[in-house]
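Each remark here refers to the structure printed beneath this line.
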């Protein structure tokens with residue numbers, strides 16, 4: 001049976017040298033999730049594909065291969081590169097690294113693809129960078145099944161977050177100062193991605209960091225190191 005070479009909407013997450021003249025590229029695709037592909041000859045001088053396969057550019061790609069590692073056949077840009085600079089660029093690299101590290105190959109998340117486009121637009125506009133990041137982190141963890149339901153919690157209660165068990169009632173109000181403790185009213189706001197209140201933003205940042213670090217298994221993110229250097 002002949003292979004079908006379908007086109008896929010995608011973004012480049014990360015690329016690295018592969019053998020003498022090729023690249024190994026991780027893509028985030030609309031219908032197939034994270035896909036890795038060899039791009040033959042992409043490091044040769046004058047390669048057309050090398051100029052197309054840049055982060056934060058919407059592209060259409062085709063690949064071949066029956067194994068998990070594909071071979072790229074074609075790539076065409078369908079939009080312009082987002083000119084992200086400074087903190088916005090670092091945040092976008094952080095988002096890409098999260099997808100590269102946490103998504104399993106060929107595990108499709110079309111709704112997350114839309115949220116990825118959303119957070120890039122928020123970073124480009126600069127109107128609410130922190131709210132955009134928290135929304136994306138929340139939706140990523142939700143898609144991966146790594147975050148318990150937040151909208152069913154009692155607004156008046158204090159909860160302690162356990163990555164393996166979810167939210168448990170705190171035993172004493174004095175525990176509110178612990179990093180893993182959250183008020184139910186803040187968690188209800190996070191559930192609907194309402195980050196208008198500073199206290200909610202701070203709670204969301206703590207919660208997402210705890211949940212993401214647990215999924216990473218203690219392995220640090222390169223993008224966080226760049227933040228610290230900056």
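Every read-out reported here was derived from the displayed coordinates using simple, explicitly stated rules and does not represent laboratory data. In this text the structure is predicted, and so the values were computed from the model without any measurement. Please note: Cβ atoms are built from the backbone with ideal geometry, for glycine as well, and neighbour counts cover all protein chains shown.
Output the 0 to 90 degree angle, nearest 10, between the alpha-carbon long axis of helix 198-216 and the longest principal axis computed from the alpha carbons of the chain. Once rounded, one gets 60 degrees.
You can think of it this way: the chain between residue 144 and residue 223 has 26.4 nm of extra reach, that is 0.36 nm per residue less the Cα-Cα gap. Here 200, 57 are placed in order of increasing Cβ neighbour count within 10 Å, fewest first, which gives 57, 200. Across the chain, Cα pairs under 8 Å and at least six residues apart give a relative contact order of 15 percent. All alpha carbon pair distances within the stretch 1-137 were sorted into 10 Å bins beginning at 0; the resulting P(r) in whole percents reads 12, 43, 33, 11, 1, 0. Taking the helices alone, the chain has a mean residue ellipticity at 222 nm of -12000 deg cm²/dmol, built from -39,500 (n - 2.57) per DSSP H run of at least 4 residues and averaged over all its residues. Cα centroid separation, the stretch 9-48 to the stretch 166-230: 34 Å. Annotation for residue 176 and residue 162: the two label points, set 7 Å from Cα along the Cα-Cβ direction, are 2.3 nm apart.
Sorted ascending by nearby beta carbons within 10 Å, beginning with the fewest, 29, 219, 71 become 219, 71, 29.
Multiplying the residue separation of residue 62 and residue 31 by 0.36 nm and subtracting their alpha-carbon distance yields 9.9 nm.
Provide 68, 197 in ascending order of the number of other Cβ atoms located within 10 Å of each residue's Cβ, fewest first. Final ranking by Cβ density, sparse to dense: 68, 197. Helix 129-143 and the longest principal axis of the Cα set of the chain meet at an angle near 80°.
For the chain, the longest principal axis of the Cα atoms and the long axis of helix 86-102 meet at an angle of about 90 degrees. With R₀ fixed at 35 Å, the C-beta to C-beta distance from residue 206 to residue 76 puts the FRET efficiency at about 0.25.
In terms of its alpha-carbon gyration tensor, the chain comes out prolate; a/c meets the 1.5 threshold, and the first ratio a/b outweighs b/c.
Name the shape class, rounded, prolate or oblate, that the alpha-carbon gyration tensor gives for the stretch 103-150, where a ≥ b ≥ c are the square roots of its eigenvalues, rounded holds for a/c under 1.5, and otherwise prolate holds if a/b is larger than b/c and oblate otherwise. Taking the square roots of the gyration eigenvalues as a ≥ b ≥ c, the stretch 103-150 is oblate.
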